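In what follows, a structure is listed as structure tokens, so that the remarks can point back to it.
The values are calculated or read from the model by the stated rules, or taken from the named source; none is laboratory data. Please read all numbers here as calculations on a predicted model, not as lab measurements. For neighbour counting, all protein chains shown are included, and Cβ atoms are generated from backbone atoms with ideal geometry for every residue, glycine included. Only protein heavy atoms, including side chains, enter the accessible area calculation; ligands, DNA and RNA are left aside. Shrake-Rupley method; radii C 1.70, N 1.55, O 1.52, S 1.80 Å.
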Amino acid sequence: YGGPRGARLFPVGPARLTDTRETGTPLRAAEVRPVQIRGANSYMPTITPAVPNSPSVTAALVSIAAVNNRAGSTSTYLSASPTPPTPPIRTSNVNVVGGQIKTSMAVVPVVDGNIYVYNHAGETDLIVDVFGYFETMPDDSTTGRIVPLEAPFRAFDTREPAFGNLPLGTGTVEDWSFDAFTKSVSFPSGGGIDLSAQSALLGNLTGTDLNRVYPSVGATTYLTGYPGDVSRPLVANLNVAEGEVVPNMSLIPYSTTGEPNLIKVYNHYGSMHYLLDVYAIVLK
């Protein structure tokens, strides 16, 4: 998108752009809600605005969450598009049943500065977090280029003895260094062009085996992956309930100060195992 030469991906934040639980304005059945992307402010003052207010921004990488736990909630789906759609909409980004909270990553083109989110049925709350944006760049620049790996790489799996076989507890943050990984990437694989100058990874973050804190109280939680040199952002990469195995595509930037190429993963509640499969890198 953005012309025959496409656009480059720039990680941001991540930053929360909208949360209708805070405003008390859930999406009604067949409602379309605009969400500002270009020049949008976030809840994180250090990265305001989260996305440049420029026509060269052609798309956004956003996490769209349906918080479908209002009284009398029913099965529904959310669909994001670059222009105001005419209901009914047949495509979907997130599908949820009554009482469920679910998050999905999506690349949504940006035409007039906004994206537009449609809710199919009932009332559901909407959360939109931005993880990156696509911007047209000169051909001679490598910044923002996405380079797929030759094969997906399992960076860690906390169920395995090599990674401690230890779930992540309530309100706990764990550090993961990708310094050795970034230095190992080249094109073609095993030699050639050095691709160690990376800003972020693209992968599949998965949460599994969630355990309760109290035996009589059910557990739900969320995971957040973020750079190792910033305060924890108020966003979620995925939401998990007991008995679920939940994956979601994730863009996680590396730290740029202190220990290089460090990421952190936060678990909000309960104890849970998680794993990360990396399938692409983003160049600085």
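If you wrap the range 98-245 in the convex hull of its Cα atoms and look at it from every side, the mean projected area works out to 13.1 nm².
Here the Kirkwood formula, the inverse mean of 1/r across different C-alpha pairs, assigns the range 222-279 a hydrodynamic radius of 12.4 Å. Each residue of the range 109-126 is assigned a 3J(HN,Hα), and the resulting list reads x, 10, 10, 10, x, 10, 10, 10, 10, 10, 10, 7, 8, x, 10, 9, 7, 10 Hz, derived from the Karplus form 6.51 cos²θ - 1.76 cosθ + 1.60 (θ = phi - 60°), x at Gly and Pro.
Taking every protein chain into account, the accessible area of the chain amounts to 45 square angstrom per residue (probe 1.4 Å).
Here the Karplus relation 6.51 cos²θ - 1.76 cosθ + 1.60, evaluated at θ = phi - 60°, turns the backbone of the range 81-92 into coupling constants of 8, x, 9, x, x, 9, x, x, 9, 9, 8, 9 Hz, with x for every Gly and Pro. If you model the chain as an ellipsoid using its alpha carbon gyration tensor, with each semi-axis the square root of five times an eigenvalue, the axes come out at 29, 27, 15 Å, biggest first.
Could you calculate the contour length gain from residue 187 to residue 92, that is, 0.36 nm times the residue separation minus the distance between their Cα atoms, to one decimal place in nm?
Taking residue 187 through residue 92 to full extension adds about 30.6 nm, to one decimal.
The order of 137, 272 by accessible area, most exposed first and with a 1.4 Å probe, is 137, 272. Across 118, 214, the residue with the most accessible area heads the list, and the full order at a 1.4 Å probe is 214, 118. Rounded to the nearest 500, what is the chain's calculated 222 nm mean residue ellipticity when only DSSP H runs of at least 4 contribute -39500 (n - 2.57) each, over all residues? Taken over the chain, the calculation gives -500 deg cm²/dmol.
Accessible area per residue (1.4 Å probe, heavy atoms of protein chains only) ranks 10, 163, 187 as 187, 163, 10, with the largest value leading.
Distance between the modelled labels on residue 151 and residue 234, one decimal in nanometres: 4.4 nm (7 Å Cα→Cβ projection).
Based on Cα contacts under 8 Å between residues 6+ apart, the chain shows a relative contact order of 23 percent. Under 5 Å from the amide H of residue 123 lie the amide H atoms of 74, each residue being 5 or more positions distant or on a separate chain, with H modelled from the backbone and absent for Pro and chain starts. Distances between placed amide hydrogens fall under 5 Å for residue 12 paired with 132, 133, all partners being 5 or more residues away or on another chain. Here the 3J(HN,Hα) profile of the range 17-32, calculated from phi with Karplus coefficients 6.51, -1.76 and 1.60 at θ = phi - 60°, is 9, 8, 8, 6, 5, 6, 8, x, 10, x, 6, 7, 4, 6, 7, 10 Hz, Gly and Pro shown as x.
Name the residue farthest towards the positive end of the dipole of the range 27-114 from the options 81, 100, 114, assuming +1 on Cβ of Lys and Arg, -1 on Cβ of Asp and Glu, about the Cα centre. Most positive-ward Cα: 100. Close amide H contacts of residue 262 (hydrogens built in the peptide plane, cut-off under 5 Å, sequence separation of 5 or more or a different chain): 178, 228, 255.
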